[in-house]
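The values are calculated or read from the model by the stated rules, or taken from the named source; none is laboratory data. These numbers come from a predicted model, not from an experiment. Here the Cβ positions follow ideal geometry from the backbone for every residue, glycine too, while neighbour counts run over all protein chains shown. These area figures cover heavy atoms from the full protein model, side chains too; ligands, DNA and RNA do not enter into them. Shrake-Rupley method; radii C 1.70, N 1.55, O 1.52, S 1.80 Å.
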Amino acid sequence: MNDTFDREKVVDCMFDPVTSSILAELEDGEKTCSFLAEKASIPESEVLERMSYLIEHKFIEKKTDGETILSANSEKLTSIVESSENFDQTISSLEKMDSYLN
């Protein structure tokens, strides 16, 4: 089954400063939602809210076994950034984020 999603929305999620810091934590492997919330200084509910679109479309895997654990589908996330049709949008998003930081 082909998963349909809004590529621009995924890119926006990925480059949001808080969400990107959460994704960076997931680069090393799965983490508990409580750990991610503490690192981002936000409640667990907000972590799940910010990641909901990525979870819905399997960019992030969510497991609940007593505690909620998130892990990144790195291959799928990378494919969004590297896709040629999205490359210009990604560069534009990076430039926009850079302008906010400077």
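Structure summary
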{"item": "From the options Lys58, Lys63, Lys31, residue that is open to solvent by 50 Å² or more (accessible area, probe 1.4 Å) and in contact (Cβ under 8 Å) with a residue 40 or more places away in the chain", "result": "Lys58"}
{"item": "For Glu44: the one exception among (1) open to solvent by 80 Å² or more (accessible area, probe 1.4 Å); (2) in contact (Cβ under 8 Å) with a residue 40 or more places away in the chain; (3) in contact with a helix residue (DSSP H, G or I) (Cβ under 9 Å, 6 or more places away or on another chain); (4) not basic (Lys, Arg)", "result": "(2)"}
{"item": "Meets criteria (in contact with an Asp or Glu (Cβ under 8 Å, 6 or more places away or on another chain) and either of a type in the set (Phe, Trp, Tyr) or within 16 Å of Thr78 (Cα to Cα) (or both)) for Phe35", "result": "yes"}
{"item": "Extreme residue, nearest to Glu95 (Cα to Cα), among residues of the stretch 4-33 that are in contact with a Ser or Thr (Cβ under 8 Å, 6 or more places away or on another chain) and in a helix (DSSP H, G or I)", "result": "Phe15"}
{"item": "Looking only at the stretch 1-28, and only at residues there that are hydroxyl-bearing (Ser, Thr, Tyr) and open to solvent by 50 Å² or more (accessible area, probe 1.4 Å), the one that is farthest from Thr68 (Cα to Cα)", "result": "Thr4"}
{"item": "Glu44, sole failed condition from (1) over 29 Å from Ser99 (Cβ atoms); (2) of a type outside the set (A, V, I, L, M); (3) touching a Lys or Arg at 6+ places or on another chain (Cβ under 7 Å)", "result": "(3)"}
{"item": "Filtered residue count, the stretch 2-24, keeping only those that are aromatic (Phe, Trp, Tyr) and in contact with a His (Cβ under 7 Å, 6 or more places away or on another chain)", "result": "1"}
{"item": "Within the stretch 66-95, considering residues that are assigned to a helix (DSSP H, G or I) and exposed (fewer than 11 other Cβ atoms within 10 Å of the Cβ), the one modelled with the highest pLDDT", "result": "Glu75"}
